[in-house]
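Student: Have a look at the structure that comes next, please.
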Amino acid sequence: MKVSQIRQAYLDFFARKGHQIVPSSPVVPGDDPTLLFTNAGMNQFKDVFLGFDKRPYSRATTAQKCIRAGGKHNDLDNVGYTARHHTFFEMLGNFSFGDYFKKDAIQLAWDLLTQEFKLPKEKLLVTVYAEDDEAYEIWNKQIGIPADRIIRIGDNKGARYASDNFWMMGDTGPCGPCTEIFYDHGDHIPGGPPGSPDEDGDRYIEIWNNVFMQFNRDEAGVMHLLPKPSVDTGMGLERIAAVLQHVNSNYEIDLFVNLLKASKDAVDAAGGQNCDAQSPSLKVIADHIRACSFIVVDGVIPGNAGRGYVLRRIARRAIRHGYKLGARKPFFYQLVPSLVKEMGEAYPELRAAQDKVAEVLKQEEERFFQTIANGMEILDGALAGGAKVVDGETAFRLHDTFGFPLDLTADVCRERGVTVDAVGFEVAMQKQRDQARAAGKFKVAQGLDYKGQPTQFHGYNTLKHEGARV
Ligand code: ATP
Ligand code: MG
Ligand code: MG
Ligand code: MG
């Protein structure tokens, strides 16, 4: 099954089970200033769950465009390193607004995976919240999963990366336990089961999270049972596609195979000279073109604060990886048509905006290509002679004069097994602010202000980067 067929099969399955198919909301949440980017399927239903909004349906299903590259969920650093993380991905979800609860949600999930998608049962294992005996019993008795493949995850466990399996919308409000479904890709892949110290490998991959909104937490922290509990689920489309296409890595699914090929061709044409097709840098590029394109589709342009700066960071990171492979002129924007080929049918807004997306990214790329070579020389110089740390002054100079976001410098450092002095960077940035203030020409280097004002969209004709120096 191709990615597009899997997406449709999921939506059709839940439509047959009485769910309304609802289109994805934009990646830039229009009505939620607390959120940088849409990061889950439930975002667009937040007010329905809270009871502030009513819909003509009590069951819904979506394929939601998500960005996890800043804020609470930030997977930027995982891209190029794990087989399963993207900055942009699609989250398939089914939702119950005070309709069905644990019994039906678990049954539906199981039926989809084992009957519709025909996954072998013995390859699946699940986690439940440590105290959620109800979910445990459903998996064990109703579904028939043996006890050794149901893992209880609590708040207080030894594992480093385990999520708590208890979801909260905020300090107060709806909350409840989760149950997550994992797929075992086989013992030839490194990694341990969820809850174990080496769970961060790519062997047991989390494919689906089912959240049970069971309580309302008040200001005193007391949990009250909700009269009409709800369900919110999320399954990564690329992860289930990997399972169904019998590959371990998301980057080997049909959509990414094509994007990776296009990335290699574009890098080679820009100077890459037959670059290594297996390079993690190509994965970064193929991942980032999706995130950057969909962010621009929703009206954000690269800038120095807020959403515009997240976009700039992702774009420049991709450009730097192309540079690493030998590209010496813009290549990234040329991937837009390939992306449209893969995703334009499911997301017509992408196809409609493709020329503008390419133009915005090209301008950003031309801009960064003016300084990247000199910046890389400075960085190489700082690391020459076996230095183990890039000092804060240098990192700040790279940021301020050469347009290297701090995380880009950190990304290069990580590849080379060294670190960057992030505290020293902040000190250097503050020093410059103070000097500027003293000089009476207050010029804020807002570069790291991720929570700044959302980027205002003034149409694609104004491509000025306000306040940007490089
Ligand atoms: P992980 O532990 O693997 O980082 P998560 O627990 O942060 O995932 P959830 O917030 O539970 O993820 O999101 C629901 C589902 O979305 C996950 O089970 C997974 O299939 C998918 N998903 C989450 N983050 C990513 C990502 N960065 N790229 C691709 N798919 C993702
Ligand atoms: Mg995560
Ligand atoms: Mg997780
Ligand atoms: Mg999860």
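The values are calculated or read from the model by the stated rules, or taken from the named source; none is laboratory data. As the structure is a computational prediction, the values presented were derived from the model and not from experiment. Backbone-built Cβ (ideal geometry, glycine too); neighbour counts: all protein chains shown.
Student: I want to confirm something. Restricting to segment 168-198 and keeping residues that are more than 12 Å from ligand 1 (Cβ to nearest atom) and of a type in the set (Asp, Glu), which single residue is surrounded by the most Cβ atoms within 10 Å (Cβ to Cβ)?
Tutor: Out of the qualifying residues, it is Asp184.
Student: Within segment 379-406, which residues are crowded, with 20+ Cβ neighbours inside 10 Å, part of a helix (DSSP H, G or I) and not polar (S, T, N, Q)?
Tutor: So the first thing to find is which residues in segment 379-406 are crowded, with 20+ Cβ neighbours inside 10 Å, and the list is 379, 382, 390, 392, 394-396, 398-399, 402-406.
Those left that are additionally part of a helix (DSSP H, G or I): 379, 382, 392, 394-396, 398-399, 402, 406.
Result: Leu379, Ala382, Gly392, Ala395, Phe396, Leu398, His399, Phe402, Leu406.
Student: Limited to segment 55-75, what total is found for residues that are crowded, with 22+ Cβ neighbours inside 10 Å, of a type outside the set (Gly, Ala, Ser), within 9 Å of the chain's Cα centre (by Cα) and not in a loop (DSSP other than H, G, I, E, B)?
Tutor: 2
Student: Let me ask you something else. For segment 357-373, does any single residue satisfy the condition of being more than 28 Å from the chain's Cα centre (by Cα), farther than 30 Å from Ser25 by Cβ and either hydrophobic (A, V, I, L, M, F, W, C) or exposed (fewer than 14 other Cβ atoms within 10 Å of the Cβ) (or both)?
Tutor: yes
Student: I would also like to ask the following. Output yes when any residue across segment 155-163 is away from ligand 4 (no atom under 16 Å from the Cβ), among the charged types (D, E, K, R) and either over 25 Å from Phe49 (Cα atoms) or surrounded by fewer than 17 Cβ atoms within 10 Å (Cβ to Cβ) (or both), and no when none is. First the steps, then the outcome.
Tutor: Initial filter on segment 155-163 (away from ligand 4 (no atom under 16 Å from the Cβ)): 156, 158.
So of that shortlist, the ones also among the charged types (D, E, K, R) come out as none.
Taking every residue of segment 155-163 in turn, none turns out to be away from ligand 4 (no atom under 16 Å from the Cβ), among the charged types (D, E, K, R) and either over 25 Å from Phe49 (Cα atoms) or surrounded by fewer than 17 Cβ atoms within 10 Å (Cβ to Cβ) (or both).
Student: State the number of residues belonging to segment 275-295 that are out of contact with any helix residue (DSSP H, G or I) (no Cβ under 6 Å at 6 or more places or on another chain) and assigned to a loop (DSSP other than H, G, I, E, B). Show your work before the answer.
Tutor: Looking only at segment 275-295, we keep the residues that are out of contact with any helix residue (DSSP H, G or I) (no Cβ under 6 Å at 6 or more places or on another chain), and these are 276, 278-280, 287, 290, 294.
Checking the rest, the ones that are also assigned to a loop (DSSP other than H, G, I, E, B) come to 276, 278-279.
So the answer is 3.
Student: I'd like the residue in segment 41-54 that is away from ligand 1 (no atom under 16 Å from the Cβ) and part of a helix (DSSP H, G or I) and, out of all such residues, is modelled with the highest pLDDT. Outline the logic, then answer.
Tutor: At the first step, the residues of segment 41-54 found to be away from ligand 1 (no atom under 16 Å from the Cβ) are 47-48, 50-54.
If we keep only those that are part of a helix (DSSP H, G or I) as well, we get 47-48, 50.
Details: Asp47: 89, Val48: 93, Leu50: 87.
My answer is Val48.
Student: Taking the residues in segment 26-42 that are under 22 Å from Met213 (Cβ atoms) and surrounded by fewer than 19 Cβ atoms within 10 Å (Cβ to Cβ) as candidates, determine which candidate is nearest to the chain's Cα centre (by Cα).
Tutor: First pass over segment 26-42, keeping only residues under 22 Å from Met213 (Cβ atoms): 29, 31-32, 34-35, 38-42.
Keeping just the survivors that are surrounded by fewer than 19 Cβ atoms within 10 Å (Cβ to Cβ) gives 31-32, 34-35.
Details: Asp31: 20, Asp32: 18, Thr34: 17, Leu35: 14 Å.
Looking at residues that are under 22 Å from Met213 (Cβ atoms) and surrounded by fewer than 19 Cβ atoms within 10 Å (Cβ to Cβ), I get Leu35.
Student: Only one of Asn165, Asn216, Asn210 is touching a helix residue (DSSP H, G or I) at 6+ places or on another chain (Cβ under 9 Å) and of a type outside the set (Lys, Arg). Can you tell me which? Spell out how you get there, then give the answer.
Tutor: Details: Asn165 fails: touching a helix residue (DSSP H, G or I) at 6+ places or on another chain (Cβ under 9 Å); Asn216 fails: touching a helix residue (DSSP H, G or I) at 6+ places or on another chain (Cβ under 9 Å).
Criteria check complete, one pass: Asn210.
A quick yes/no check of all residues on (1) within 30 Å of Cys178 (Cβ to Cβ); (2) surrounded by 23 or more Cβ atoms within 10 Å (Cβ to Cβ):
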position	(1), (2)
Val247	yes, no
Tyr251	yes, yes
Leu259	no, yes
Lys264	no, no
Val267	no, yes
Ala270	no, no
Asn274	no, no
Ser279	no, no
Lys283	yes, yes
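Student: Which residue out of Thr114, Thr82, Thr38 is within 16 Å of ligand 2 (Cβ to nearest atom), more than 24 Å from Pro174 (Cβ to Cβ), at pLDDT 95 or above and hydroxyl-bearing (Ser, Thr, Tyr)?
Tutor: Values: Thr114 fails: within 16 Å of ligand 2 (Cβ to nearest atom); Thr38 fails: more than 24 Å from Pro174 (Cβ to Cβ).
When all the criteria are applied, what remains is Thr82.
Student: Residue check: is Gln20 surrounded by fewer than 19 Cβ atoms within 10 Å (Cβ to Cβ) and not acidic (Asp, Glu)?
Tutor: Details: surrounded by fewer than 19 Cβ atoms within 10 Å (Cβ to Cβ): yes; not acidic (Asp, Glu): yes.
Yes.
Student: As an exercise: evaluate Ser230 against (1) under 24 Å from the mean Cα position of the chain (by Cα); (2) away from ligand 3 (no atom under 15 Å from the Cβ); (3) of a type in the set (Ser, Thr, Tyr) and give the number of the one condition it does not meet.
Tutor: (1)
Student: So which of Leu119, Leu125 is crowded, with 18+ Cβ neighbours inside 10 Å, in contact with a Phe, Trp or Tyr (Cβ under 8 Å, 6 or more places away or on another chain), in contact (Cβ under 8 Å) with a residue 40 or more places away in the chain and in a loop (DSSP other than H, G, I, E, B)?
Tutor: On the way: Leu125 fails: in a loop (DSSP other than H, G, I, E, B).
Of the residues listed, the single one that is crowded, with 18+ Cβ neighbours inside 10 Å, in contact with a Phe, Trp or Tyr (Cβ under 8 Å, 6 or more places away or on another chain), in contact (Cβ under 8 Å) with a residue 40 or more places away in the chain and in a loop (DSSP other than H, G, I, E, B) is Leu119.
Student: Does segment 170-182 contain at least one residue that is within 16 Å of ligand 2 (Cβ to nearest atom), of a type in the set (Phe, Trp, Tyr), at pLDDT 95 or above and over 26 Å from Thr34 (Cβ atoms)? Steps first, answer last, please.
Tutor: Step one: filter segment 170-182 for residues within 16 Å of ligand 2 (Cβ to nearest atom), giving 178, 180-182.
Filter once more, keeping what is of a type in the set (Phe, Trp, Tyr): 182.
In the following step, the residues that additionally are at pLDDT 95 or above were identified as 182.
Then drop every residue that is not over 26 Å from Thr34 (Cβ atoms), which leaves 182.
Yes; the residues of segment 170-182 include at least one that is within 16 Å of ligand 2 (Cβ to nearest atom), of a type in the set (Phe, Trp, Tyr), at pLDDT 95 or above and over 26 Å from Thr34 (Cβ atoms).
Student: While we're here: Somewhere in segment 132-148, is a residue within 16 Å of ligand 4 (Cβ to nearest atom) and either without any contact (Cβ under 8 Å) to a residue 40 or more places away in the chain or in contact with a Phe, Trp or Tyr (Cβ under 6 Å, 6 or more places away or on another chain) (or both)?
Tutor: Filtering segment 132-148 down to residues within 16 Å of ligand 4 (Cβ to nearest atom) leaves 132, 135.
Among the residues that remain, those that are also either without any contact (Cβ under 8 Å) to a residue 40 or more places away in the chain or in contact with a Phe, Trp or Tyr (Cβ under 6 Å, 6 or more places away or on another chain) (or both) are: none.
Looking through segment 132-148, none of the residues is within 16 Å of ligand 4 (Cβ to nearest atom) and either without any contact (Cβ under 8 Å) to a residue 40 or more places away in the chain or in contact with a Phe, Trp or Tyr (Cβ under 6 Å, 6 or more places away or on another chain) (or both).
Student: Filter segment 337-365 down to the residues that are in a helix (DSSP H, G or I) and closer than 17 Å to Asp254 by Cα and list them by number. Steps first, answer last, please.
Tutor: Quick first cut of segment 337-365, residues in a helix (DSSP H, G or I) only: 337-343, 348-352, 354-365.
Within segment 337-365, Pro337, Ser338, Leu339, Val340, Lys341, Glu342, Met343 qualify.
Student: Here is a follow-up. Out of the residues in segment 226-252 that are under 18 Å from Lys123 (Cβ atoms) and among the small types (Gly, Ala, Ser), which is nearest to ligand 4 (Cβ to nearest atom)?
Tutor: If we take residues in segment 226-252 being under 18 Å from Lys123 (Cβ atoms) and among the small types (Gly, Ala, Ser), then Gly236 is nearest to ligand 4 (Cβ to nearest atom).
Student: In the list Gly201, Gly234, which residue meets the criterion of being within 16 Å of ligand 1 (Cβ to nearest atom) and surrounded by fewer than 19 Cβ atoms within 10 Å (Cβ to Cβ)?
Tutor: Details: Gly234 fails: surrounded by fewer than 19 Cβ atoms within 10 Å (Cβ to Cβ).
Checking each option against the conditions leaves just Gly201.
Student: Scan (1) over 22 Å from the mean Cα position of the chain (by Cα); (2) surrounded by fewer than 20 Cβ atoms within 10 Å (Cβ to Cβ) for the single condition Ala327 breaks and write down its number.
Tutor: All conditions pass for Ala327, except number (2).
Student: Something else about it: Answer yes or no: is there a residue in segment 89-103 that is part of a loop (DSSP other than H, G, I, E, B) and either under 30 Å from Ser279 (Cβ atoms) or within 12 Å of ligand 2 (Cβ to nearest atom) (or both).
Tutor: Checked against the condition, which is being part of a loop (DSSP other than H, G, I, E, B) and either under 30 Å from Ser279 (Cβ atoms) or within 12 Å of ligand 2 (Cβ to nearest atom) (or both), segment 89-103 yields no hits at all.
Student: If you take the residues in segment 148-167 that are within 16 Å of Tyr183 (Cα to Cα) and at pLDDT 90 or above, which one is nearest to ligand 1 (Cβ to nearest atom)?
Tutor: To start, the set of residues in segment 148-167 that are within 16 Å of Tyr183 (Cα to Cα) comprises 148-151, 162.
Still in the running and at pLDDT 90 or above: 148-151.
Working: Asp148: 22, Arg149: 17, Ile150: 17, Ile151: 14 Å.
Among those that are within 16 Å of Tyr183 (Cα to Cα) and at pLDDT 90 or above, it is Ile151.
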